[in-house]
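Written out below as structure tokens is the structure these notes cover.
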């Protein structure tokens with residue numbers, strides 16, 4: 001690199017004698033001045049950490065640091081130039097990077113996979129619901145068993161809690177069938193027997209951790225299969241298929257309204273310590289969407305139902321679905337995980353879809369019984 005690349009000419013008097021007289025260590029001025037001696041006794045540059053080049057000492061110019069002022073308080077007035085045989089004064093290209101564009105707002109999930117899986121599950125549920133009710137009971141039982149497997153697996157991995165899966169799976173499936181065949185009494189009896197089976201099954205292992213294991217097992221039995229049994233109870237009514245469809249539609253619409261409104265307009269956090277992604281605006285969206293859907297469903301799908309009952313039902317569904325979602329988020333935060341599983345692309349695990357459905361099922365069942373009877 002030649003000196004022109006520095007952007008400033010060499011300073012007068014920098015290498016030679018100055019008007020202020022000889023410098024310490026320099027050769028004396030006058031006729032006896034010897035150029036060779038002067039070269040050997042030239043003073044060091046004023047700023048030693050910035051090498052300068054000139055005269056017959058440019059042999060090490062390749063090691064010089066390019067660009068920059070000679071002095072710390074100097075500001076170069078012209079941009080550095082590139083050494084080129086065609087155009088020595090051609091400016092060097094700027095190395096400044098353009099400012100990155102602000103990131104686009106993301107929906108936070110794979111929408112394509114989520115929609116595809118949701119449509120597929122919906123088709124299976126609706127087909128089984130209106131063709132053969134027993135098949136739909138089987139779908140509920142399978143979902144319960146998979147949900148129990150996800151929950152007990154995460155408890156064992158993250159907290160070393162060994163809730164016995166075998167009595168939970170058998171008792172959970174039996175609980176759903178008993179609720180459909182024998183009603184509320186059958187569901188309660190199956191729940192009690194499942195809890196007893198958990199207590200006995202855990203006795204086959206060492207006593208260390210017995211209390212926490214059976215407590216988690218009884219909680220899992222109540223949280224997943226017992227609450228799911230209320231869906232089977234809805235199905236026992238004469239218009240049971242339409243009641244279950246109303247329950248599913250309201251839960252899905254509530255979740256969709258919360259997601260859409262919260263993603264687009266959400267500004268104020270609803271419960272940042274539990275679920276940072278949920279907003280108050282999203283809750284309002286869930287309430288509005290669910291109330292409208294409830295009014296339509298009660299008016300057109302449920303025998304003897306009215307639109308104002310649907311408004312109340314939609315409000316209750318939005319509240320219970322939100323609380324259920326927050327409840328599972330609390331469990332996942334305690335376990336230190338994001339999703340309960342990976343079985344459903346775009347959704348997570350089965351429990352990540354059942355979180356809002358499970359606590360909503362008894363609410364819908366009870367309100368429909370109050371509004372239009374057990375049918």
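Once you keep just the Cα pairs under 8 angstrom separated by 6 or more residues, what percentage relative contact order results for the range 130-236?
It rounds to 34 percent for the range 130-236.
Going by how many other Cβ atoms sit within 10 Å of their own, how do 121, 283, 227, 313 line up, fewest first? Before the final figure, lay out the partial values.
On the way: 121 16, 283 22, 227 19, 313 28.
Ascending Cβ contact count within 10 Å gives the list 121, 227, 283, 313.
Please express the shape of the range 130-236 as an equivalent ellipsoid: the semi-axes are the square roots of 5 times the eigenvalues of the C-alpha gyration tensor, given largest first in whole angstrom. Intermediate results must be reported in sequence, preceding the final value.
On the way: eigenvalues 140, 39, 17 Å².
The three semi-axes for the range 130-236 are 26, 14, 9 Å.
Over the alpha-carbon set of the range 265-375, divide Rg by the Kirkwood Rh and report the Rg/Rh ratio to two decimals.
1.04
Sort 231-242, 267-278 by the packing proxy (mean of other Cβ within 10 Å over each peptide's residues), most packed first.
231-242, 267-278
Each reported figure results from applying straightforward, stated rules to the coordinates on display, with no laboratory input. These numbers come from a predicted model, not from an experiment. Reconstructed Cβ throughout: ideal geometry from the backbone, glycine too, with neighbour counts over all protein chains shown.
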